[in-house]
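Below: one structure, written as structure tokens.
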Amino acid sequence: MDILFDTANLDDIERLTPIYPVTGVTTNPSILKKEGRVDVYKHLRRIREIIGPDRTLHVQVLQKTAQGMIDDAHRLLDKIDEKVYPKIPTTEAGILAMRTLKAEGVHVTATAIYSKTQGFLAIASGVDYLAPYYNRMQSLDIDTKGTLTALSGFIRRFDAPCKIMAASFKNIVQVSHALEAGADAVTLSPKLLRQALSVPDITNAVDTFISDWESVYGTRSLPDD
């Protein structure tokens, strides 16, 4: 199971990566916009420095034509490093770009997936990750869990070297449902993870344990011997 941070905030990435078992970082133009008018390549290279070479870094292309997407992908590889996963939208032009980049040996993440059809076309194109937009699919009354389950079945049936990386979450329940439905990876805001671990019931349970121990032993720590 892969857990990725869906953020470009350097402070959050630097502070929280040592704590959580994250395997990478995903970004897109909307996420980068929150950081202001940064030097994009310098910013992305700094993310790479923080997460190291063994975690994955996924960055969105901007162009809409196949050649434009391919050119954008080459820019990312040149300006950041050769391990970047260009994020390619799963359109007709995107499918051509994916196939071309995979033929070059580039890691590719297929994004903007809302349907089984998009998913199996991306799988057949040899991509490394599929990124279904979980919350956006639910908002459109799409059978999100059914779609993820079907895509997971396609991958197993054809032994495809591809992982489902569910994205676009508004709450932690959606994250759990995505994993239950067959997602191999999830990318989400660090804020969602922190909220999940800071609910009052968890804090109250810890405080009760400490209070009960102190009532018997008169201390709030374990003995040295």
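The values are calculated or read from the model by the stated rules, or taken from the named source; none is laboratory data. Model, not experiment: these values are computed from the prediction. Using ideal geometry, Cβ is built from the backbone for each residue, glycine included, and neighbour counts are taken over all protein chains shown. Heads up: the accessible areas ignore ligands, DNA and RNA and are worked out on the full protein's heavy atoms, side chains in. Shrake-Rupley method; radii C 1.70, N 1.55, O 1.52, S 1.80 Å.
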Can you report the number of residues in the stretch 102-119 which are in contact with a helix residue (DSSP H, G or I) (Cβ under 8 Å, 6 or more places away or on another chain) and over 24 Å from residue 24 (Cβ atoms)? 2
Qualifying residues in the stretch 184-225 (those that are open to solvent by 80 Å² or more (accessible area, probe 1.4 Å) and among the aliphatic types (A, V, I, L, M)) - the one farthest from the chain's Cα centre (by Cα): 216
I'd like to know if the stretch 103-112 contains one or more residues that are closer than 24 Å to residue 45 by Cα and surrounded by fewer than 18 Cβ atoms within 10 Å (Cβ to Cβ). yes
Failed condition for residue 55, given (1) surrounded by fewer than 17 Cβ atoms within 10 Å (Cβ to Cβ); (2) out of contact with any helix residue (DSSP H, G or I) (no Cβ under 7 Å at 6 or more places or on another chain); (3) touching a residue at least 12 places away in the same chain (Cβ under 8 Å): (1)
When (1) over 25 Å from residue 189 (Cα atoms); (2) open to solvent by 10 Å² or more (accessible area, probe 1.4 Å) are applied to residue 98, the one that fails is (2)
Sole miss for residue 187 among (1) in contact with a helix residue (DSSP H, G or I) (Cβ under 9 Å, 6 or more places away or on another chain); (2) within 18 Å of residue 133 (Cα to Cα); (3) not hydrophobic (A, V, I, L, M, F, W, C) is condition (1)
Could you give me the residue pairs with C-beta distances under 6 Å whose first residue belongs to the stretch 62-88 and is surrounded by fewer than 21 Cβ atoms within 10 Å (Cβ to Cβ), whose second residue is not in a helix (DSSP H, G or I) wherever it lies, and which are 6+ apart or on separate chains? 72/61; 72/62; 72/63; 77/84
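Among 198, 211, which is the only one that is part of a helix (DSSP H, G or I) and not basic (Lys, Arg)?
Numbers: 198 fails: part of a helix (DSSP H, G or I).
Among 198, 211, only 211 is part of a helix (DSSP H, G or I) and not basic (Lys, Arg).
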Can you name the residue in the stretch 138-157 that is aliphatic (A, V, I, L, M) and crowded, with 18+ Cβ neighbours inside 10 Å and is also nearest to residue 182 (Cα to Cα) among such residues? 148
In the stretch 157-180, residues that are of a type in the set (Ser, Thr, Tyr) and either in contact with a Lys or Arg (Cβ under 8 Å, 6 or more places away or on another chain) or outside any helix (DSSP H, G or I) (or both) total 1
What tally of residues in the stretch 135-153 results from selecting those that are within 21 Å of residue 99 (Cα to Cα) and out of contact with any Lys or Arg (no Cβ under 8 Å at 6 or more places or on another chain)? 1
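Among 13, 31, 50, which is touching a Leu at 6+ places or on another chain (Cβ under 8 Å), surrounded by 14 or more Cβ atoms within 10 Å (Cβ to Cβ) and not hydroxyl-bearing (Ser, Thr, Tyr)?
Working: 13 fails: touching a Leu at 6+ places or on another chain (Cβ under 8 Å); 31 fails: touching a Leu at 6+ places or on another chain (Cβ under 8 Å).
Sole residue among the options that is touching a Leu at 6+ places or on another chain (Cβ under 8 Å), surrounded by 14 or more Cβ atoms within 10 Å (Cβ to Cβ) and not hydroxyl-bearing (Ser, Thr, Tyr): 50.
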